1. Scan segment 298-314 residue by residue and report those that are open to solvent by less than 30 Å² (accessible area, probe 1.4 Å) and over 16 Å from the mean Cα position of the chain (by Cα).
2. Considering each residue of segment 363-387, count those that are open to solvent by 30 Å² or more (accessible area, probe 1.4 Å) and modelled with pLDDT of 95 or more, and give that number.
3. Can you go through ASP281, ASP327 and tell me which one is among the acidic types (Asp, Glu) and farther than 21 Å from ASP236 by Cα?
4. Would you mind finding the one in LEU331, LEU354, LEU390, LEU346 that is under 23 Å from GLN179 (Cα atoms) and surrounded by 17 or more Cβ atoms within 10 Å (Cβ to Cβ)?
5. Grab the helices (runs of 4 or more DSSP H) fully contained in segment 91-180, keeping just those with 3 or more residues being away from the ligand (no atom under 11 Å from the Cβ), open to solvent by 30 Å² or more (accessible area, probe 1.4 Å) and within 27 Å of LEU205 (Cβ to Cβ).
6. Any idea which residue in segment 231-243 is least open to solvent (accessible area, probe 1.4 Å), counting only those that are over 14 Å from ALA270 (Cα atoms) and in contact with a Leu (Cβ under 8 Å, 6 or more places away or on another chain)?
7. From the set of residues in segment 79-90 that are more than 7 Å from the ligand (Cβ to nearest atom) and either within 18 Å of ILE166 (Cα to Cα) or assigned to a helix (DSSP H, G or I) (or both), which is most open to solvent (accessible area, probe 1.4 Å)?
Amino acid sequence: MTTKSSKTAPAKTKSAAAKTKPAAKTAADKPAGKKKAADKLEAAVEAAAPVAAVPDLATLRTRIDGIDRHIQQLIAERAQFANQVGKAKGKLAAAVDYYRPEREAQVLRRVVDRNDGPLNDEVLVRLFREIMSACLAQQEPLKIGFLGPEGTHSQQAVYKHFGHSIHGLPLSSIEEVFQEVEAGNADFGVVPVENSTQGTIQSTLDMFLTSKLKISGEVELRVHQHLLSRGGRIEDIERVYSHPQSFAQCKAWLRQYLPKAEKIPVSSNAEAARRARNADDAAAIAGVAAANVYGLRSVAGPIEDRPDNTTRFLVVGRELFSPSGNDRTSLLIFIKDQPGALYNVLSPFAKRGLSMNRIESRPGHTGRWQYAFFVDIGGHVQEDAMREALEELQELAHEVKVLGSYPVAIA
Ligand SMILES: O=C(O)C(=O)C[C@]1(C(=O)O)C=C[C@@H](O)C=C1
């Protein structure tokens, strides 16, 4: 069972004045009768308006060179300060001890708040992530495990969350990602947990039933699927490899364009791309990143049935971090086998105004017909309201496990 409440995480505090510039009225906004005359008038005004003088190419490039010099000096200065921050944290054992996801989230939220264009929030967040990633890697790059091989959407999620100045460890299963982080061979792991088209990835949720790992972050990735092949034409394709989730995300497209091709499920999209590189009549459904890694080209794409197809990933680590100011807490609640049990365990949050974003039930592995509920709630375990709600919950539930409190995904 999955339910999403209409309540969302706290709204970002972007300054309203800066962001709500009224759009200029155009001829399209006017009543039909007056539209033609208005169109003519607009065209006449445009024709008569003096064209703003654009400086010549050499002048523009000199300006850009000056700005680049300035940006570079500032990045170097920032890196020196970040290095000093690292030293101020004391003599720590490894890169993971310097990493502060809550601080990174605050830095990025400020970037979004300040942004007045022309680059969009996502682009600016990506640039600043890379700067922080490089600053942290001065101590030592973080080691991040993910569901490999190279070229998977999980790898893209790793870069989106940690930047490129990390050491990525492609692993063969979600279970192995958990194991490597538990064993300390990876600092963090990134695992898919739900897709907007396909729903929950049960194998990830089930890992939390037994694992001691904590969730330290979430990443939302717009997932675009492509048909990749080394040959050139859709009509030549006789076999398509992909992960079952990706087949499901492209069901309507496949029915329309490749109804007769054999569909072969494999363990990951990158594995599909690896297999498709061996023959002209084979193709893979995967992200374009896999095309570059495996020497394929996109024959068609994006081909996912829903344009807003998004996968949410969780970052798992060994510790809990401090609040960032806009956090989510994930809990695993084992309920008592009695009437009204679910209602009872949710009431401590509802009465304190803590919003529930998600609830999902899974067999608890503790006995027949025993259920565990995975619940996401707005807030952090170190905040008073959440602490009080959890204290009350301990009395009502059979068992409660805090899986983590972490910053809500940014851009
Ligand atoms: O502020 C810190 O604690 C830092 O180490 C600096 C910094 C940054 O570059 O801004 C780098 C890495 C941390 O994960 C968070 C932020």
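The values are calculated or read from the model by the stated rules, or taken from the named source; none is laboratory data. In this text, all values refer to a predicted model and were calculated from it rather than measured experimentally. Here Cβ is always computed from backbone atoms with ideal geometry, including for glycine, and neighbour counts include all displayed protein chains. Just so you know, the surface numbers come from the protein's heavy atoms only, side chains and all, with ligands and any DNA or RNA stripped out. Shrake-Rupley method; radii C 1.70, N 1.55, O 1.52, S 1.80 Å.
1. Result: ALA300, ILE303, GLU304.
2. Residues in segment 363-387 being open to solvent by 30 Å² or more (accessible area, probe 1.4 Å) and modelled with pLDDT of 95 or more: 5 in total.
3. Of the residues listed, the single one that is among the acidic types (Asp, Glu) and farther than 21 Å from ASP236 by Cα is ASP327.
4. Checking each option against the conditions leaves just LEU331.
5. Filter on segment 91-180 gives 153-162.
6. Restricting to residues being over 14 Å from ALA270 (Cα atoms) and in contact with a Leu (Cβ under 8 Å, 6 or more places away or on another chain), the top hit is ILE237.
7. LYS87
For (1) over 23 Å from ILE201 (Cα atoms); (2) touching a Ser or Thr at 6+ places or on another chain (Cβ under 9 Å); (3) surrounded by 20 or more Cβ atoms within 10 Å (Cβ to Cβ), each residue gets a yes or a no:
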{"position": "TRP253", "(1), (2), (3)": "no, no, no"}
{"position": "TYR257", "(1), (2), (3)": "yes, no, no"}
{"position": "ASN269", "(1), (2), (3)": "no, yes, yes"}
{"position": "LEU296", "(1), (2), (3)": "yes, yes, yes"}
{"position": "PHE321", "(1), (2), (3)": "yes, yes, yes"}
